[in-house]
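Peer 1: One structure coming up, written as structure tokens, with questions to follow.
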Amino acid sequence: MQKKSALSAIINHKCPRCRQGDLFKYSLLEKPHRFTETNKTCPHCQLIFEREPGFFFGAMYVSYALTMGVLLSTAFILYNLFGDPELWVYILTVPSIVLLLLPVIFRYSRTLYLHGFGGVSFDKKYTEEVEL
Ligand SMILES: [Zn+2]
């Protein structure tokens, strides 16, 4: 089995303990309208993803930071590459980009929060195949 890095686990929304189980039930490409559905436990190592009741409320802080990053980047790109367009262009474009990226921001905020503040570290013994 290929060994996965922490960065690869975060990018692919994998469990922080085994780096193999999926955090979300469906891929964004498979069922984009169900992007919020999170697995309760890791399908590979049975780690409970919601570390305590309401754990993922903390992901709002990460989400806020990511949203601000997208918002400021979009405004920066508009200003510098499109020669500071009229105000209505900003008003239409910036929220549209943020809305389009909402599923991505939602998922990365949860993944980053679980990996950063979940209190779970990578454990090699969970990477082995589960014997049935
Ligand atoms: Zn796992």
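Peer 1: Can you pull the one-decimal nm distance between simple spin-label points at residue 12 and residue 82, each 7 Å off the Cα toward Cβ?
Peer 2: A separation of 3.6 nm, rounded to one decimal place.
Peer 1: Under 23 Å from the Cα of residue 125, which lysines turn up, not counting those fewer than eight places away in the same chain?
Peer 2: Filter leaves 3, 4, 14, 40.
Peer 1: Once both labels are modelled 7 Å past Cα along the beta-carbon direction, what's the residue 25-residue 52 spacing in nm?
Peer 2: Taking the simple label geometry, residue 25 and residue 52 are separated by 2.7 nm.
Peer 1: How many nm separate the modelled label positions at residue 124 and residue 99, each set 7 Å beyond the Cα in the direction of the Cβ?
Peer 2: It is 5.0 nm.
Peer 1: Kindly express, to the nearest 10 degrees and within the range 0 to 90, the angle between helix 59-81's C-alpha long axis and the longest C-alpha principal axis of the chain.
Peer 2: Around 40 degrees separate the two axes.
Peer 1: For the chain, what is the convex hull volume of the alpha-carbon atoms per residue, in Å³?
Peer 2: Taking the convex hull of the Cα positions in the chain, it is 132 Å³ per residue.
Peer 1: To the nearest 10 degrees, how steeply does helix 102-117 sit against the main Cα axis of the chain, on a 0 to 90 scale?
Peer 2: Orientation of helix 102-117: about 50 degrees from the principal axis.
Peer 1: Size of the dipole of the stretch 6-126 about the Cα centre, Lys and Arg at +1 and Asp and Glu at -1 on the beta carbon, nothing else charged, in debye to 20?
Peer 2: About 660 debye.
Peer 1: Please find, in a Gaussian network model of the chain (springs between Cα atoms separated by less than 10 Å), the residue of 99, 87, 66 whose mean-square fluctuation is greatest.
Peer 2: In this elastic network of the chain, the residue with the biggest mean-square fluctuation among 99, 87, 66 is 87.
Peer 1: Hey, got the Cα dimensions of the stretch 79-132 along the principal axes, in Å, largest first?
Peer 2: Over the stretch 79-132, Cα extents along the principal axes are 61, 22, 18 Å.
Peer 1: If one takes the longest principal axis of the Cα atoms in the chain, at what angle in degrees, from 0 to 90 and to the nearest 10, does the Cα axis of helix 87-100 lie?
Peer 2: Tilt relative to the chain: about 10 degrees.
Peer 1: Let me ask another. Between residue 68 and residue 36, 0.36 nm times their residue separation minus their Cα-Cα distance comes to what?
Peer 2: Residue separation times 0.36 nm, minus the Cα-Cα distance, leaves 9.5 nm.
Readers should treat all values here as calculations from the given coordinates under stated rules, not as data from a laboratory. All values reported here derive from a predicted model rather than from experimental measurement. Quick reminder, even Gly has a Cβ in these numbers, built from the backbone with ideal geometry, and neighbours come from all protein chains shown.
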